[in-house]
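Reviewing the structure listed below.
Nothing in this text is a laboratory measurement; each read-out follows from the coordinates by a stated rule. Computed from a predicted structure; not experimentally measured. Methodologically, a virtual Cβ is constructed for each residue, glycine included, from the backbone with ideal geometry; neighbour enumeration extends over all protein chains shown.
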Amino acid sequence: MSDSPYQIILKELELRVEDIRPSDIVLFSEPLRTALNFTVRVGRFSLTEFTERLGFTREESKTIADFLVKLNLFEVNKYSTAEETYYMSRISGATRPMKRPPSGIWKKIE
C-alpha cells in the first residue's frame, strides 16, 4: 500500500539529521517543495497560508511546521496568537552556526 504525501513528507523530515538550509528545499517531495519555495520568498507567513500551500489539514501542516522549526528553517514569530501561528523563514546565509575564521587568516591570504 502506498504512503500518502503527508506520510512521505514526515518520513523525509524525520530522516534529517542536520538543520535545513534554503538550498536543501529542492530535495523534498511535492507539495512540501512548493510550499517551502513560497515561504522562503515571502519570509513571513501564517500557518493558514502554509496549510493552503500544502493542501493538508491544519493539524498536519502544524506538525510539518513544528519539524521545520526544530530543523531551524522556520522561527515562530513572537506576535503569534492562540488563533493563528506566524512564522518567519530563516533565509540568512545559512541556518547552521558559522565559525569565525582564524585571526591570522588575512596574513596567510596576502
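For the stretch 24-33, the Karplus equation 6.51 cos²θ - 1.76 cosθ + 1.60, evaluated at θ = phi - 60°, returns couplings of 7, 4, 5, 7, 7, 7, 6, x, 5, 4 Hz by residue, with Gly and Pro reported as x.
List the relative contact order of the stretch 3-60 as a percent without decimals, with contacts defined as Cα pairs under 8 Å and 6+ residues apart.
Over the stretch 3-60, the number comes to 32 percent.
Taking each residue as 0.36 nm, the span from residue 57 to residue 34 lengthens on full extension beyond its C-alpha to C-alpha distance by 6.6 nm. With coordinates expressed along the principal axes, the C-alpha atoms belonging to the stretch 4-65 extend over 27, 25, 16 Å, beginning with the largest.
Label separation (residue 11 vs residue 69): 2.7 nm, computed from points 7 Å beyond Cα along the C-beta direction. Close amide H partners of residue 77, meaning residues 5 or more places away or on another chain with modelled amide H under 5 Å apart, are 86, 87, 88.
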